[in-house]
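**Student:** Would you mind keeping the following structure in view while I ask a few things?
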Amino acid sequence: EIVIDNNLCAKEKNYEWSFIQCPACQCNGHSTCINGNVCDQCKNLTTGKQCETCMPGYYGDPTNGGQCTACTCSGHANICHMQTGKCFCTTKGIKGDQCQLCDSENRYLGNPLRGTCYYSLLIDYQFTFSLLQEDDRHHTAINFIANPEQSNKNLDISINASNNFNLNITWSIG
């Protein structure tokens, strides 16, 4: 009778092997198995111990030979949800599964498919913005627009911050 030492087989949560030999490692069709239990250099945009997840910037279900597809985020995200492809937009005020909409419910204007979204500031009004919500963890930018009431008057803007941050100011006249 052949007896196998199950301690030599790859361990899975709450699972015991009952084969006469350890099965070859599972690389989901994206690599070859070396030394009986290691996937050698995952291919096809996959990563993980068993080539079971898509690389950052790609999504899908690569198990059992499935494929990974590039995230489609309209240039406003670097990564998306690994299974659904929903983009994690990096500019506050841009939303949608593919970062294709402005958050008009919260007064953001513009068109992310032709540029970006921005928040229109009212003159002589103090605004407070926070990036502390769970949805904000991927945000690296927020855009504002301010139009003076009269073209011959200066526009003064002051910013108070509770934390350090990078600031890039652009403006146009006319």
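**Student:** Got a number for residues in segment 142-158 being among the hydrophobic types (A, V, I, L, M, F, W, C), out of contact with any Phe, Trp or Tyr (no Cβ under 8 Å at 6 or more places or on another chain) and either over 19 Å from Gly93 (Cβ atoms) or surrounded by 10 or more Cβ atoms within 10 Å (Cβ to Cβ) (or both)? Let's see the steps before the verdict.
**Tutor:** Filtering segment 142-158 down to residues among the hydrophobic types (A, V, I, L, M, F, W, C) leaves 142, 144-146, 155, 157.
From what's left, out of contact with any Phe, Trp or Tyr (no Cβ under 8 Å at 6 or more places or on another chain): 146, 155, 157.
After this cut, where a residue has to be either over 19 Å from Gly93 (Cβ atoms) or surrounded by 10 or more Cβ atoms within 10 Å (Cβ to Cβ) (or both) as well, the list is 146, 155.
Matching residues across segment 142-158 total 2.
**Student:** Taking Ile79 as meeting all but one of (1) modelled with pLDDT of 95 or more; (2) in contact with a Phe, Trp or Tyr (Cβ under 6 Å, 6 or more places away or on another chain), write down the number of the exception.
**Tutor:** (1)
**Student:** Of all the residues that make up segment 80-112, how many are free of Cβ contacts under 8 Å to residues at least 40 places away in the same chain, in a loop (DSSP other than H, G, I, E, B) and either surrounded by 15 or more Cβ atoms within 10 Å (Cβ to Cβ) or among the acidic types (Asp, Glu) (or both)?
**Tutor:** We begin by selecting, within segment 80-112, every residue free of Cβ contacts under 8 Å to residues at least 40 places away in the same chain; these are 80-87, 94-112.
Now drop any that are not in a loop (DSSP other than H, G, I, E, B), which leaves 81-86, 96-100, 103, 107, 111-112.
Going one step further and asking which of them are either surrounded by 15 or more Cβ atoms within 10 Å (Cβ to Cβ) or among the acidic types (Asp, Glu) (or both), we end up with 82, 85-86, 96-100, 103, 112.
The qualifying residues number 10.
**Student:** Here is a list: Tyr118, Tyr125. Which entry is among the hydroxyl-bearing types (Ser, Thr, Tyr), surrounded by 11 or more Cβ atoms within 10 Å (Cβ to Cβ) and without any contact (Cβ under 8 Å) to a residue 60 or more places away in the chain? Walk me through it before giving the result.
**Tutor:** Numbers: Tyr125 fails: surrounded by 11 or more Cβ atoms within 10 Å (Cβ to Cβ).
None of the others qualify; the one that does is Tyr118.
**Student:** Any idea how many residues of segment 46-104 are among the β-branched types (Val, Ile, Thr) and within 26 Å of Gln26 (Cβ to Cβ)? Before the answer, list the steps.
**Tutor:** Within segment 46-104, the first condition is being among the β-branched types (Val, Ile, Thr), and the residues that meet it are 46-47, 53, 63, 69, 72, 79, 84, 90-91, 94.
From what is left, the residues that are within 26 Å of Gln26 (Cβ to Cβ) are 46-47, 53, 63, 69, 79, 84.
Residues meeting the conditions: 7.
The values are calculated or read from the model by the stated rules, or taken from the named source; none is laboratory data. These figures come from a predicted structure and were not determined experimentally. Glycine gets a Cβ as well: all are built from the backbone with ideal geometry, and neighbour counts include every protein chain shown.
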